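The values are calculated or read from the model by the stated rules, or taken from the named source; none is laboratory data. Nothing here was measured: the structure is a model prediction, and the numbers come from that model. Glycine gets a Cβ as well: all are built from the backbone with ideal geometry, and neighbour counts include every protein chain shown. These area figures cover heavy atoms from the full protein model, side chains too; ligands, DNA and RNA do not enter into them. Shrake-Rupley method; radii C 1.70, N 1.55, O 1.52, S 1.80 Å.
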Amino acid sequence: MSTRRFLFVLGSSRPEGNTEQLARAAAEQLPAHVEQEWISLAEHPLPDFEDLRHDSDHVRPTEGNVALLLDATLAATDIVIASPLYWYTLSGQAKRYLDYWSGWLRTPGVDLKATLAGRTLWGVTALAEERQAVADPLVGALKNSATYMEMRFGGVLLGNGSKPGDVLNDTQALARAKTFFAQPAPLARYAFETD
């Protein structure tokens, strides 16, 4: 793929919440020729994920929200999971989206792992805590997912905010947003791996 195509997966139950606002601030910095697709998991909910890898034939979905998200995922060079920090990790909606990757790994004709290998996973999150280390489990979940999929990992853009619009007062986060997608994204590695 020569042209970059960003998929923004919005994992908040609140429309236009702090996480989405921070993601949009970062996306505004992307060049005009870069394609962007935004999918809200609240507006396009996925059904509960059923792990049928050992006892069912997998069929590629052709309609509904599952097909929409699969097709968008396969078409993206860059996947941005924008999830508020809920109980120190991803929202339920965002986690469910990643759970679906498990099923798509076994869907004939999809070849998800080979397709996503070398592409980039990013994260954006707003948290209601000054100490950003509380988001380490969320960051770890995304980085480890990228590592398993042999993707690049661009990191997680963190912002502070609780009430709607609070993140727009986080001048440091907004400054980081200006260059977030321009930074290099190395191949993801597990923390226990060494050079």
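Whether a residue is touching a Phe, Trp or Tyr at 6+ places or on another chain (Cβ under 8 Å) and of a type in the set (D, E, K, R) was assessed, and R96 passes this test. Examine segment 36-56 for a residue that is in contact with a strand residue (DSSP E or B) (Cβ under 8 Å, 6 or more places away or on another chain), aliphatic (A, V, I, L, M) and buried (at least 16 other Cβ atoms within 10 Å of the Cβ), and state whether such a residue exists. Yes, segment 36-56 contains a residue that is in contact with a strand residue (DSSP E or B) (Cβ under 8 Å, 6 or more places away or on another chain), aliphatic (A, V, I, L, M) and buried (at least 16 other Cβ atoms within 10 Å of the Cβ).
Listed by position, the helices (runs of 4 or more DSSP H) inside segment 74-165 whose residues that are in contact (Cβ under 8 Å) with a residue 24 or more places away in the chain and polar (S, T, N, Q) number at least 3 are 136-148. Kindly indicate whether Y88 is open to solvent by 70 Å² or more (accessible area, probe 1.4 Å), of a type outside the set (S, T, N, Q) and within 24 Å of A141 (Cβ to Cβ). So Y88 passes the test. On inspection, L142 qualifies as open to solvent by less than 10 Å² (accessible area, probe 1.4 Å), at pLDDT 95 or above, under 30 Å from R60 (Cα atoms) and under 13 Å from the mean Cα position of the chain (by Cα). Which of the residues spanning segment 57-67 are open to solvent by 60 Å² or more (accessible area, probe 1.4 Å) and free of Cβ contacts under 8 Å to residues at least 40 places away in the same chain? Result: D57, T62, E63.
Among (1) among the β-branched types (V, I, T); (2) in a loop (DSSP other than H, G, I, E, B); (3) at pLDDT 95 or above, there is one condition T62 misses while meeting the rest; what is its number? In the conditions (1) among the β-branched types (V, I, T); (2) in a loop (DSSP other than H, G, I, E, B); (3) at pLDDT 95 or above, T62 misses (3) alone.
Under the condition of being open to solvent by less than 40 Å² (accessible area, probe 1.4 Å) and under 13 Å from M149 (Cα atoms), the residues counted in segment 98-114 number 4.
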